[in-house]
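Asks: Have a look at this one before I ask anything.
The values are calculated or read from the model by the stated rules, or taken from the named source; none is laboratory data. As the structure is a prediction and not an experimental result, all values here were calculated from the model. Every residue, glycine among them, receives a Cβ derived from its backbone with ideal geometry; neighbour counts consider all protein chains shown.
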Amino acid sequence: MTADASPTPEDAVLAALDATVARASQSLLYRERLADVRIRALDDLRRLPLTTRQDLQRVGPHGTRAVPLAEVAHYGESSGTSGGAINSTWLTAGDLERDAQALRAAQPDVFGPGRIILNRFPFMAAPAHLLQLVAQQGGGVAIPAGNINWDVPFPRALELCERTGAHVVAGLPIEPVVLAEIARLRGLDPARELAVDALFLGGAALPPAMQRRFARMWGARVVELYGSTETMLLGTSCVEGTLHLESGLAFAEVLAPDGAAVEEGELVVTTIGVEGSPLVRLATGDLVRRLPPCRCGDARPALLVLGRGADMVELGGVRVFPYDVVDAAAAAADALDSSVFFVVVLPDRLLVRIEARRDHGAADPYAVFRARLPDVPFELERVRPMDLLDVELLCRSPHVYKPAVAADWRRPGARRILTVSEGMIEWPRPTAAEGGRWLGRLWRNQRRRRALGRAVAGRGAV
């Protein structure tokens, strides 16, 4: 570029990538790999080796940190790809603020002043903290109710929705399923009797059949969140349901196994919006498909996330993406007016187990599944309500109290505790009827597990 030329969009991308490489070279992971590397053209980036998750694990917890601890505001970690290994991420306050601002800008109808957000993301995960920050920046009122939190079990989360008039339920895709099942047991229709108008969901596959089911059950728009602990925010879905990448936060490549750029392949990410633990050409392990420009008019790249490459299913010579398996199973369950299903991959078929409260639905679940995966052998098994998702058990979550080291038994109605542990946690005591139902579910599932195990062993499966 000459001195009097105006910067182009490509110039801005190259400058951002060059700055990322410069920051990353300050970490143990990249100190030698990126020494003296500059990004003047995209080919300079493409010549760099990929970063694997094994690389992240090998350098240890502080190996990706590129700034002094005094500049770090948040530490996060996620499960690695093997055994008990973990990947660590260090974030500055600016890292979190950039992601929170991007969320607000991308979803102005979801986050805004006066919007009540039931934040059900686990608080070891970055989205939980991002949503709290979104609220602090004027994006709403956050209720910190992480679902791995005994103080806010599922029943209380549903009650919070009712009492506060929450507009947004944010969490993992299982959240609207569990809360809707508990609501059903209580005779409550979420679509008619709750104020929730948006489900902000991430952390697992969210194919169209699930999105349609959730939207209908809750009378709410479904927004997909995509990212990871290592890369932070990568994108969210628009009003058309298309996932758009946050190109201001990350530079994405889609590569074939031989490293060639393709329309469908593995997503490789170079973080632009992360100062604490910047990553250069991280092989995410996610298989994605580039999509044509979305009719919503958003110019940012559009992707379909098909699932982890390691989770690809191959049966009878046919390979299918995890995304398609979940979509077909969700559609089959929806045909029986159910949101609860579980897929078991066996050597010769997929076993699709669906909780069904009735024998027949709006469509034949076999035909629905077959239409989506016509060449994949499968078995569809209907099981009793709560055999797959024991909502009754979830409704009997323990009560958690403030720690106490004394108890006055003389007070009327006082809990007669004898230990600190008893003072902190009171475990539910099931009734005889509940105990009988729980034992019945355990027996039925254990019997099915043994039968399938014998069948798999008989086929000599590895």
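Asks: Name the single residue, out of those in segment 395-431 being buried (at least 16 other Cβ atoms within 10 Å of the Cβ) and closer than 30 Å to Ile174 by Cα, that is farthest from the chain's Cα centre (by Cα).
Replies: Filtering first and then ranking leaves Met424.
Asks: Can I ask one more? For the subset of segment 23-52 comprising residues that are in contact with a Leu (Cβ under 8 Å, 6 or more places away or on another chain) and part of a helix (DSSP H, G or I), which member is surrounded by the most Cβ atoms within 10 Å (Cβ to Cβ)?
Replies: It comes out as Ala24.
Asks: Among the residues of segment 318-354, how many are touching a strand residue (DSSP E or B) at 6+ places or on another chain (Cβ under 6 Å), part of a strand (DSSP E or B) and of a type in the set (A, V, I, L, M, F, W, C)?
Replies: The number of residues fulfilling the criteria is 10.
Asks: Read through the list (1) modelled with pLDDT of 95 or more; (2) out of contact with any strand residue (DSSP E or B) (no Cβ under 6 Å at 6 or more places or on another chain); (3) not charged (D, E, K, R), then give the number of the only condition that Thr51 fails.
Replies: All conditions are met except number (2).
Asks: Taking only segment 60-70 into account, find how many residues are surrounded by 16 or more Cβ atoms within 10 Å (Cβ to Cβ) and of a type outside the set (Lys, Arg).
Replies: Total meeting the criteria: 4.
Asks: Something else: Out of all the residues in segment 148-170, which are within 27 Å of Pro108 (Cβ to Cβ) and in a loop (DSSP other than H, G, I, E, B)?
Replies: Gly165, Ala166, His167, listed by residue number.
Asks: Condition first: outside the structural domain of Ile174 (by TED's automatic domain parsing), among the aromatic types (Phe, Trp, Tyr), under 30 Å from Ala157 (Cβ atoms) and under 25 Å from the mean Cα position of the chain (by Cα). Can you find one or more residues in segment 337-345 that meet it?
Replies: yes
Asks: Scanning for something surrounded by fewer than 22 Cβ atoms within 10 Å (Cβ to Cβ), assigned to a strand (DSSP E or B) and over 22 Å from the mean Cα position of the chain (by Cα), does segment 300-317 turn up at least one residue?
Replies: Yes, segment 300-317 contains a residue that is surrounded by fewer than 22 Cβ atoms within 10 Å (Cβ to Cβ), assigned to a strand (DSSP E or B) and over 22 Å from the mean Cα position of the chain (by Cα).
Asks: Pairs needed: first member in segment 253-265, modelled with pLDDT of 95 or more; second member anywhere, surrounded by 13 or more Cβ atoms within 10 Å (Cβ to Cβ) and not in a strand (DSSP E or B); C-beta distance under 6 Å; at least 6 residues apart or different chains.
Replies: Sorted first by the residue in segment 253-265, then by its partner, the pairs are Val254/Val262; Ala256/Val262.
Asks: Which ones in segment 111-147 are assigned to a helix (DSSP H, G or I) and either over 21 Å from Ser277 (Cα atoms) or hydrophobic (A, V, I, L, M, F, W, C) (or both)?
Replies: Across segment 111-147, the qualifying residues are Ala126, Ala128, Leu130, Leu131, Gln132, Leu133, Val134, Ala135, Gln136, Gln137, Gly138, Gly139.
Asks: Something else: Write out, first by first residue and then by second, each pair whose Cβ atoms fall under 8 Å of each other, whose residues are 6+ apart or on separate chains, and whose first residue, in segment 302-323, is over 15 Å from Pro374 (Cβ atoms) while the second is assigned to a strand (DSSP E or B) and among the basic types (Lys, Arg).
Replies: Close Cβ pairs (under 8 Å, with a partner that is assigned to a strand (DSSP E or B) and among the basic types (Lys, Arg)) amount to Ala302/Arg290; Leu303/Arg289; Leu303/Arg290; Leu304/Arg289; Leu306/Arg289; Met312/Arg319; Pro322/Arg308.
Asks: Which residue is surrounded by the fewest Cβ atoms within 10 Å (Cβ to Cβ), if the candidates are limited to segment 333-357 and must be more than 15 Å from Pro173 (Cβ to Cβ) and touching a Ser or Thr at 6+ places or on another chain (Cβ under 9 Å)?
Replies: Per the criteria, the residue is Arg357.
Asks: Taking segment 265-286, which residues are β-branched (Val, Ile, Thr), in contact with a Pro (Cβ under 9 Å, 6 or more places away or on another chain) and not in a loop (DSSP other than H, G, I, E, B)?
Replies: Thr270, Thr271, listed by residue number.
Asks: Here is a further query. State whether the residues of segment 78-97 include one that is acidic (Asp, Glu), within 23 Å of Pro176 (Cβ to Cβ) and either in contact with a His (Cβ under 6 Å, 6 or more places away or on another chain) or assigned by TED's automatic domain parsing to the domain that holds Ala299 (or both).
Replies: Taking every residue of segment 78-97 in turn, none turns out to be acidic (Asp, Glu), within 23 Å of Pro176 (Cβ to Cβ) and either in contact with a His (Cβ under 6 Å, 6 or more places away or on another chain) or assigned by TED's automatic domain parsing to the domain that holds Ala299 (or both).
Asks: Would you please list the contacts, defined by Cβ atoms under 6 Å and residues six or more apart or on different chains, that run from a residue in segment 103-117 that is assigned by TED's automatic domain parsing to the domain that holds Pro301 to a residue that is surrounded by fewer than 19 Cβ atoms within 10 Å (Cβ to Cβ) and of a type in the set (Gly, Ala, Ser)?
Replies: Correct list of pairs: Pro113/Gly138.
Asks: Find the residue count for segment 360-413, including only residues that are part of a loop (DSSP other than H, G, I, E, B) and within 25 Å of Ala433 (Cα to Cα).
Replies: Residues in segment 360-413 being part of a loop (DSSP other than H, G, I, E, B) and within 25 Å of Ala433 (Cα to Cα): 11 in total.
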